[in-house]
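Single-structure report; data block below.
The values are calculated or read from the model by the stated rules, or taken from the named source; none is laboratory data. Just so it is clear, the model here is predicted, and its values are computed rather than measured. Because the Cβ atoms are built from the backbone with ideal geometry, glycine has one as well, and the counts that use them run over all protein chains shown.
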Amino acid sequence: MPELPEVETVRRGLMPVLEGQRLERVQIRRADLRFPFPDGFGQRLTGRTVIAVKRRAKFLLIDLDDGTVLISHLGMSGSYRIYAKDPPVLDKHDHVIFVTADGQEVRYNDPRRFGFMDLTTHDEMPDHKLLNKIGPEPVFPGLDGRQLAARLKHRATPIKAALLDQKVIAGIGNIYACEALHDAGISPKRKASSVQGKRAERLARAIKEVLLRAIDAGGSSLKDHRQPSGELGYFQHTFRVYGRTGAACSVCGPEVRIKQLTQSGRSTFFCSHCQR
């Protein structure tokens with residue numbers, strides 16, 4: 001599932017195409033994705049002007065001139081594709097089509113249909129069921145060690161599980177939790193409440209640095225993620241632990257190998273020597 005860097009990359013790709021543009025046509029080509037589309041979805045968006053393309057955690061938020069907000073989640077395989085001119089024949093997985101006043105076409109493509117879209121309003125958005133319990137953003141403006149320690153103080157779960165809890169911190173998934181814990185030298189098995197003081201400072205810094213590096217690299221393309229331009233992300237080429245079971249630890253050298261374990265049904269990759 002796309003994590004914060006992948007969604008932020010998509011947001012940045014859509015901004016210059018959609019912001020300030022009137023939506024001349026919005027077409028849905030099926031009744032549902034993971035959930036049914038809201039009633040009158042296309043009609044409610046057609047003719048509206050996009051004010052801003054934002055992100056909250058793993059959600060894209062598209063603000064329109066009448067106060068409507070389009071909430072979009074990419075699910076497992078969703079992607080937005082931009083065609084400035086001469087768009088190709090529609091793919092069977094192109095489920096939503098946005099055509100702007102200047103003739104550009106943005107298609108939402110989702111083979112597995114685990115993504116979804118919903119409509120709310122700017123005033124109602126803070127209380128929306130998808131958004132009202134999400135924790136603070138770890139990068140923009142950023143989470144410091146003191147704030148992170150406070151959010152972990154009463155957590156009895158392993159730190160890896162706590163990082164995946166969107167109520168604790170927004171937008172972090174399996175890839176970046178593994179990478180940040182390795183950067184911070186913290187074992188994924190460590191009790192979350194014990195990550196205090198200097199440990200919390202190291203982890204907050206590592207989370208921010210890992211996410212920023214991933215954003216700069218266009219995210220990680222393991223299976224489905226593509227930037228709106230169609231380009232792949234390339235952060236996967238710099239993974240230090242994720243998916244590298246048996247490889248040498250970049251900190252400890254060739255004598256120490258990356259290990260893998262399962263936590264809460266998810267694979268965790270780590271170095272038992274430098275992560276404590």
Worksheet entry | Yes/no for K92 being in a loop (DSSP other than H, G, I, E, B), surrounded by fewer than 14 Cβ atoms within 10 Å (Cβ to Cβ), touching a residue at least 12 places away in the same chain (Cβ under 8 Å) and not aromatic (F, W, Y) | no
Scanning the range 13-42 residue by residue, the ones that are touching a residue at least 12 places away in the same chain (Cβ under 8 Å), over 23 Å from D91 (Cβ atoms) and not in a loop (DSSP other than H, G, I, E, B) total 2
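Taking the stated definitions as given, is A170 under 26 Å from S77 (Cβ atoms), at pLDDT 95 or above and not aromatic (F, W, Y)? Explain how you work it out, then say what you get.
Numbers: under 26 Å from S77 (Cβ atoms): yes; at pLDDT 95 or above: yes; not aromatic (F, W, Y): yes.
Against the criterion (under 26 Å from S77 (Cβ atoms), at pLDDT 95 or above and not aromatic (F, W, Y)), A170 qualifies.
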Among (1) assigned to a helix (DSSP H, G or I); (2) crowded, with 17+ Cβ neighbours inside 10 Å, F98 falls short only on (1)
Only unsatisfied item for A149, checking (1) closer than 21 Å to A177 by Cβ; (2) under 22 Å from the mean Cα position of the chain (by Cα), is (2)
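Residue-by-condition table, conditions (1) within 20 Å of Y242 (Cα to Cα); (2) not assigned by TED's automatic domain parsing to the domain that holds S220:
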{"position": "A101", "(1), (2)": "no, yes"}
{"position": "M117", "(1), (2)": "no, yes"}
{"position": "G142", "(1), (2)": "no, no"}
{"position": "R151", "(1), (2)": "no, no"}
{"position": "A161", "(1), (2)": "yes, no"}
{"position": "K191", "(1), (2)": "no, no"}
